[in-house]
1. Could you tell me the distance between the Cα centroids of region 55-97 and region 13-34, to the nearest Å?
2. Mind pulling the angle between the C-alpha long axis of helix 79-97 and the longest principal axis of the chain? Nearest 10 degrees, somewhere in 0 to 90.
3. Tell me, in nm to one decimal, what length is gained between ASP35 and GLU9 on full extension, where the rule is 0.36 nm per residue of separation less the Cα-Cα distance?
4. Based solely on its DSSP helices, what 222 nm [θ] is calculated for the chain when runs of n ≥ 4 H residues each add -39,500 (n - 2.57) and the sum is averaged over all residues, nearest 500 deg cm²/dmol?
5. With a cut-off of 8 Å between alpha carbons and a minimum separation of six or more residues, what is the relative contact order of the chain in percent?
6. Once neighbouring chains are kept in place and the probe is 1.4 Å, which whole percent of the accessible area of the chain is contributed by carbon and sulfur?
7. Taking a probe of 1.4 Å, how large is the accessible area per residue of region 1-72, in Å²?
8. For the chain, what are Rg and Dmax over the alpha carbons, in angstrom?
Amino acid sequence: MEITQFSIEEIKDPTNIIEGKRYEFLLDVEVDEEDELYSAAGIEVRVLIGQKQDGETYILNYFIVDKAENEYLDFALEDEEEAMILAFCREQLTSEETQ
């Protein structure tokens, strides 16, 4: 799995009930043709990221979408894929904070 494009948006909490920050990442990913997630039109992973006041970043939830049908796929990412996505999101948030 390789991330080819992404977008990030902070999710605002108008009630200030949720501690920390929330972000939504939309990741265009390229998967090998042999992978069960493969789609000729491509796959998008929608990732909800939480960030605590101390800077700890974690995945709240994610959804895998087949871009051809714009349908959610009922698959779970492998542990290594989740770790790779979390590391990518952390890196993006860190670089965004320094800009």
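1. 7 Å
2. Rounded to the nearest ten degrees, it is 50.
3. Details: separation 26, 0.36 × 26 = 9.36 nm, distance 2.88 nm.
Contour length minus the Cα-Cα distance gives 6.5 nm.
4. On the way: 1 runs with 19 residues, N = 99.
Theoretical 222 nm ellipticity from helices: -6500 deg cm²/dmol.
5. Working: 157 pairs, mean separation 19.8, N = 99.
Computed over the chain, the figure is 20 percent.
6. The C+S portion of the solvent-accessible surface of the chain is 43 percent.
7. Numbers: 4750 Å² over 72 residues.
Per residue, region 1-72 has an accessible area of 66 Å².
8. Cα radius of gyration and Dmax of the chain are 14.2, 45 Å respectively.
The values are calculated or read from the model by the stated rules, or taken from the named source; none is laboratory data. Nothing here was measured: the structure is a model prediction, and the numbers come from that model. Surface accessibility is based on the protein's heavy atoms, side chains included, excluding ligands, DNA and RNA. Shrake-Rupley method; radii C 1.70, N 1.55, O 1.52, S 1.80 Å.
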